[in-house]
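Before any comments, here is the structure.
The values are calculated or read from the model by the stated rules, or taken from the named source; none is laboratory data. All figures in this text were calculated on a predicted structure; none of them were measured in a lab. Counting neighbours? That spans all protein chains shown, and the Cβs are built from the backbone with ideal geometry, glycine included.
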Amino acid sequence: MDARKCTIIAAMKSLGKIFNGLLILGVLSGAFSLLHAQQSRNGINRDALQFSIEMTNNYLNKASAPVSLNIKSGVPHSYAVLVNETNLADAVWTDYTSSNLTVPLGSADGTYTVSVGLRGLEGDTKETWQSQIIYKDTIPMQLVITNLTSFKGSRPFIDPAGCTTKAMSRLTFDVTNADGIITHDQGSVIDQQLNPADMSHTTNWFVCLDVALTKGINHIAIRAVDWAGNVTTTNFSYIFDTDDATTPPAIALIWPQNGMEVSGDSFTLRGTLDDDTAKVSGQLVDANGATQTVDGLVERGGRFWLEDLPLNPGANAFLVTAKDAAGNVATTNLTLTKSRLTLTMDTIEPAKLNYSLVDVTGKISEASYIVFVNGVKGLNNGDGTWSAKKVPVTAGGTASFDITAYSPDEMKNEKTVSLR
């Protein structure tokens with residue numbers, strides 16, 4: 001073979017290598033473009049890393065912080081973490097393998113700024129950084145009971161209250177007594193001191209309502225957890241003993257008062273007790289000598305209700321009885337007369353009972369009588385209806401309306417009805 005033919009063959013082989021190389025490069029380029037297009041369709045942009053740092057709690061009592069990265073776009077290749085450091089040049093980059101990171105904190109309590117940086121494709125030096133503030137707190141709060149002057153009493157329920165030196169994420173109490181163990185009943189935060197500079201280290205006031213007792217010793221544990229998870233427990237014993245309790249509960253009637261004329265076939269009697277753990281009932285002896293008894297409802301704070309007490313024509317004699325846990329009994333009597341006057345109030349929309357003032361309407365059988373509702377003078381329309389504007393709604397969770405009608409000649413002649 002002459003030299004010219006050898007040169008041509010060598011040239012053709014070189015061209016073939018070039019063509020094959022171009023072909024392979026084209027295939028790889030096409031595959032990369034296809035992958036890039038697929039990622040774009042899936043909402044992932046390799047060229048723009050965007051992410052956020054997520055934590056279940058920014059307050060911790062541990063040596064390290066669990067951090068999760070929410071990748072919104074792009075594909076991270078490496079990451080770096082800085083703690084209380086603003087010089088990004090000090091960052092040490094590590095291969096990205098998981099979106100869940102564990103970030104070591106310092107040994108001291110305080111505020112830590114955790115910064116996380118991400119880089120994209122291998123060799124890409126463009127960095128994206130996000131920061132999160134973490135509060136390390138390993139010191140438990142102080143908890144003080146402030147309302148129990150004595151740890152012995154004759155009431156079957158107590159409401160321990162007090163304060164803590166820090167904000168709480170959870171407040172529970174346990175009771176151990178002759179009835180067994182009651183655990184993790186919820187207490188309530190009722191007030192908080194304002195400290196915008198540090199909302200965690202601020203005084204909180206709390207109460208544990210209706211802690212039920214049995215005769216004898218009751219062991220009570222109140223457990224408070226702060227925002228970082230530190231637990232403080234206060235233990236005390238309370239003795240429930242009625243042997244020395246000889247004073248009966250005091251009854252005070254709100255409405256109706258003795259001697260009133262009351263409109264309607266039934267009514268609700270309201271009053272207060274100085275012992276909100278006592279039981280209350282009402283009795284009426286009818287014209288046939290039969291006794292009707294209605295059990296009442298006593299609210300926290302001592303306000304009580306006797307609902308749907310029957311009202312017969314003429315005079316009605318009622319006996320109200322209150323009995324405490326020690327068996328001490330108090331009674332009060334009242335006599336009411338069923339009025340010939342018809343006086344009613346129309347139903348109010350339930351949502352309006354949350355207002356402080358409402359407009360009310362109703363019906364009355366006397367066109368000349370003057371109507372008052374919760375102390376506000378209304379308008380007798382003279383056609384059997386009445387109305388009153390801006391009537392105050394009673395506080396405390398139960399709306400009561402006392403409607404009183406006076407004759408023009410004798411203002412002492414009260415005709416009253418109450419609706420709950």
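Figures for the structure shown
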item	result
Unmet criterion (only one of (1) surrounded by 13 or more Cβ atoms within 10 Å (Cβ to Cβ); (2) under 21 Å from the mean Cα position of the chain (by Cα)) for H184	(1)
Residue within the range 132-151 that is farther than 30 Å from C208 by Cβ, loosely packed, with under 13 Cβ neighbours inside 10 Å and in contact (Cβ under 8 Å) with a residue 60 or more places away in the chain present	yes
The range 392-418, subset part of a strand (DSSP E or B) and under 30 Å from the mean Cα position of the chain (by Cα), residue modelled with the lowest pLDDT	F401
Condition broken by S98, with the remaining ones in (1) surrounded by fewer than 18 Cβ atoms within 10 Å (Cβ to Cβ); (2) at pLDDT 95 or above; (3) assigned to a strand (DSSP E or B) satisfied	(3)
Hey, A228 closer than 25 Å to Y59 by Cα, part of a loop (DSSP other than H, G, I, E, B), among the small types (G, A, S) and modelled with pLDDT of 95 or more or not	yes
Candidates Y112, Y59, Y96, Y79 - the one that is of a type outside the set (S, T, N, Q) and either in contact (Cβ under 8 Å) with a residue 60 or more places away in the chain or in the same structural domain as L171 (by TED's automatic domain parsing) (or both)	Y59
The lone exception for S387 - which of (1) modelled with pLDDT under 90; (2) out of contact with any Lys or Arg (no Cβ under 9 Å at 6 or more places or on another chain) it fails	(1)
Hits in the range 187-207 (condition: of a type outside the set (A, V, I, L, M), exposed (fewer than 11 other Cβ atoms within 10 Å of the Cβ) and more than 13 Å from the chain's Cα centre (by Cα))	P196
The range 115-131 - residue that is in contact (Cβ under 8 Å) with a residue 60 or more places away in the chain and part of a strand (DSSP E or B) and, of those, nearest to D226 (Cα to Cα)	S131
Count of the range 107-127 residues which are more than 27 Å from M199 (Cβ to Cβ) and surrounded by fewer than 16 Cβ atoms within 10 Å (Cβ to Cβ)	6
Counted residues, the range 255-266 - those being of a type in the set (A, V, I, L, M, F, W, C) and in contact with a Pro (Cβ under 7 Å, 6 or more places away or on another chain)	1
Flag if Y79 is part of a strand (DSSP E or B), out of contact with any Pro (no Cβ under 6 Å at 6 or more places or on another chain) and under 30 Å from T233 (Cβ atoms)	no
Residue list for the range 178-227, restricted to those being of a type in the set (D, E) and at positive phi	D210
Positions within the range 345-358 being charged (D, E, K, R) and farther than 18 Å from T404 by Cβ, in sequence order	E349, K352
